[in-house]
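Scroll down for the structure; my scribbles are underneath it.
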Amino acid sequence: MQDTLGRNIRYLRLSVTDRCNYRCRYCMAEDAAFLPEEALLSLEELEGIARAAVACGVEKIRLTGGEPLMRPGLPELCRRLRALPGLRELVLTTNGSLLPVYAGALRAAGVDRLNISLDTLEEESFGWITRTGRVEQALAGLKAAREAGFSPDKIKLNAVLLGGVNHRQIPALAALAREEGYSVRFIELMPIGEASGWPKERFVPAQAVLKALPELRPAGNEGVTELFSAPGWKGTVGLIHPMSHRFCSDCDRIRVTADGMLKPCLHSAAELPLRGLSGEALEQAIRAGIRAKPEGHRMDGCRPSESARGMNKIGG
Ligand code: SAM
Ligand code: SF4
């Protein structure tokens with residue numbers, strides 16, 4: 001379905017939980033409070049919302065969180081969503097730590113692709129960023145995904161650029177694209193939630209990647225991601241720059257939070273309740289959400305996101 005500005009909305013990011021086993025500094029506070037269990041959409045409600053969204057023209061669903069693999073019953077939900085007629089792609093964003101347990105079940109359930117967050121390969125900075133995580137967990141998750149049958153072209157590795165923390169890791173992370181064939185994507189830090197008051201030195205423009213890797217050449221676009229590669233490279237490097245180049249005019253997505261609120265825009269405070277709706281009423285509410293998409297965000301160097309929620313409570 002098209003929104004009022006003619007953007008075709010085909011992509012739903014559906015959050016299944018706000019909980020996480022990590023406490024990434026840019027995402028949530030160390031003592032973050034979580035939604036009570038009963039506030040989370042049930043698996044049936046999640047399936048109903050996905051079904052209605054597909055009826056409204058959504059072709060791709062990304063399950064996210066919080067850490068989606070902390071949600072009990074997730075492989076079964078994936079299996080049900082994958083069976084929705086009209087859904088072209090089911091993908092999942094994860095910190096990777098629980099993939100050694102779930103990768104096989106996700107593959108068997110029909111998950112098409114995985115995005116694994118990997119901001120750094122250094123133990124020390126990984127520990128600093130995640131507060132509770134170890135880089136070996138993410139790497140074990142990546143290995144488990146490969147062993148379960150997710151080939152490198154089905155795995156994206158996402159790194160948020162953090163000035164003074166992981167900016168020197170750009171070549172090491174990009175080597176996973178060059179040598180292994182993964183798609184490695186560098187994402188600009190956004191001033192939302194915990195990161196909204198961070199000093200400007202932390203916000204590194206995605207162009208820094210091209211400075212660190214001058215051999216890279218443009219290799220097209222994939223949605224809002226600008227792709228680059230070089231002769232002899234097996235995979236691509238992607239740049240996602242919500243801050244330095246706004247891509248709102250190409251935005252094709254809506255979000256639903258784990259407690260059932262439709263967010264037409266990641267960075268707007270607007271939310272529409274979906275809980276308790278079914279059938280035509282649910283589809284109408286989703287269409288209203290699509291029509292309510294604003295033209296774009298208003299973040300800039302000094303103005304933070306207007307979203308009232310942090311990333312784990314939205315579904316990044
Ligand atoms: N737990 C999963 C993970 O980390 O991949 C899924 C949820 S997490 C909220 C989704 C993505 O949002 C992660 O890649 C994370 O790095 C990103 N993220 C969180 N806070 C962010 C921020 N302030 N700016 C940019 N990206 C952010
Ligand atoms: Fe958890 Fe992902 Fe947020 Fe890190 S970015 S705290 S892994 S939800």
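The values are calculated or read from the model by the stated rules, or taken from the named source; none is laboratory data. Being a predicted model, the structure only gives us computed values, none of them experimental. Quick reminder, even Gly has a Cβ in these numbers, built from the backbone with ideal geometry, and neighbours come from all protein chains shown. Each accessible area value is taken on the protein alone, full model and side chains, heavy atoms only, with ligands, DNA and RNA left out. Shrake-Rupley method; radii C 1.70, N 1.55, O 1.52, S 1.80 Å.
Among the residues of region 42-70, just one is away from ligand 1 (no atom under 15 Å from the Cβ), assigned to a loop (DSSP other than H, G, I, E, B) and crowded, with 22+ Cβ neighbours inside 10 Å, namely Val58. Consider region 82-110 and keep the residues that are surrounded by 22 or more Cβ atoms within 10 Å (Cβ to Cβ) and without any contact (Cβ under 8 Å) to a residue 40 or more places away in the chain. The one that is farthest from ligand 1 (Cβ to nearest atom) is Leu90. Counting only residues that are β-branched (Val, Ile, Thr) and part of a helix (DSSP H, G or I), which one in region 115-136 is surrounded by the fewest Cβ atoms within 10 Å (Cβ to Cβ)? Ranking the qualifying residues of region 115-136, first place goes to Val135. Would you check which residues across region 137-158 are crowded, with 22+ Cβ neighbours inside 10 Å and either at pLDDT below 95 or not charged (D, E, K, R) (or both) and list them? Once the filter is applied, which keeps residues that are crowded, with 22+ Cβ neighbours inside 10 Å and either at pLDDT below 95 or not charged (D, E, K, R) (or both), region 137-158 yields Ala138, Gly141, Leu142, Ala145, Ile155, Leu157. Among the residues of this structure, Ala33 does not count as one that is within 16 Å of ligand 2 (Cβ to nearest atom), farther than 17 Å from Leu272 by Cβ, among the small types (Gly, Ala, Ser) and open to solvent by less than 50 Å² (accessible area, probe 1.4 Å).
When region 17-32 is limited to residues that are more than 10 Å from ligand 1 (Cβ to nearest atom) and touching a helix residue (DSSP H, G or I) at 6+ places or on another chain (Cβ under 9 Å), the one that is nearest to Leu118 (Cα to Cα) turns out to be Arg23. For first residues located in region 196-221 and aromatic (Phe, Trp, Tyr), partners that are surrounded by fewer than 17 Cβ atoms within 10 Å (Cβ to Cβ) and lie 6+ apart or on another chain with Cβ distances below 8 Å form the pairs Phe203/Gly163; Phe203/Gly301.
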